[in-house]
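Working notes for the structure below.
The values are calculated or read from the model by the stated rules, or taken from the named source; none is laboratory data. Remember, predicted model here, so these are calculated numbers, not experimental data. For neighbour counting, all protein chains shown are included, and Cβ atoms are generated from backbone atoms with ideal geometry for every residue, glycine included. Keep in mind that these areas ignore ligands, DNA and RNA; they rest on the heavy atoms of the full protein, side chains included. Shrake-Rupley method; radii C 1.70, N 1.55, O 1.52, S 1.80 Å.
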Amino acid sequence: MTISALPKGIAFTRYFTALAKCDGDVTGALAIAEASWGESSLPARVLRSAVAAGTTTDSTWAGPLVEYQQIESEFIE
């Protein structure tokens, strides 16, 4: 299932590029992704989900991790 209009693998490449530019700092990578591709871009949403706190009382707290799994699958494919 394709989750964006971008060619397969581009979302993951952008995610990795933002992380690489910040030496793995998720907060800095999020700022780069938002500035480069927009706040609602897939890499920005995935990076934002990586910094959000989880909770045991919210049954949907891990939902954003699905997007990461999807961009990873497209990259591997």
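Taking L6 as meeting all but one of (1) within 13 Å of the chain's Cα centre (by Cα); (2) surrounded by 14 or more Cβ atoms within 10 Å (Cβ to Cβ); (3) modelled with pLDDT under 85, write down the number of the exception.
Result: L6 fails condition (1) only.
Looking at the stretch 41-52 only, could you name the residues that are open to solvent by 70 Å² or more (accessible area, probe 1.4 Å) and within 10 Å of the chain's Cα centre (by Cα)?
In the first step, residues of the stretch 41-52 are kept if they are open to solvent by 70 Å² or more (accessible area, probe 1.4 Å); the result is 45, 48, 51.
Listed by number, the residues that qualify are R45, R48.
Can you find a residue that is of a type in the set (D, E, K, R), part of a helix (DSSP H, G or I) and surrounded by 13 or more Cβ atoms within 10 Å (Cβ to Cβ) anywhere in the stretch 22-31?
So the first thing to find is which residues in the stretch 22-31 are of a type in the set (D, E, K, R), and the list is 23, 25.
Narrowing further to those that are part of a helix (DSSP H, G or I): none.
Taking every residue of the stretch 22-31 in turn, none turns out to be of a type in the set (D, E, K, R), part of a helix (DSSP H, G or I) and surrounded by 13 or more Cβ atoms within 10 Å (Cβ to Cβ).
Report yes if some residue within the stretch 61-77 is open to solvent by 60 Å² or more (accessible area, probe 1.4 Å), farther than 22 Å from L6 by Cα and modelled with pLDDT under 90; otherwise report no. Lay out the reasoning, then the answer.
As a first pass, look at the stretch 61-77 and keep what is open to solvent by 60 Å² or more (accessible area, probe 1.4 Å): 61, 65-66, 68-69, 72-73, 75-77.
Now drop any that are not farther than 22 Å from L6 by Cα, which leaves 61.
Remaining after also requiring modelled with pLDDT under 90: 61.
Yes: one or more hits.
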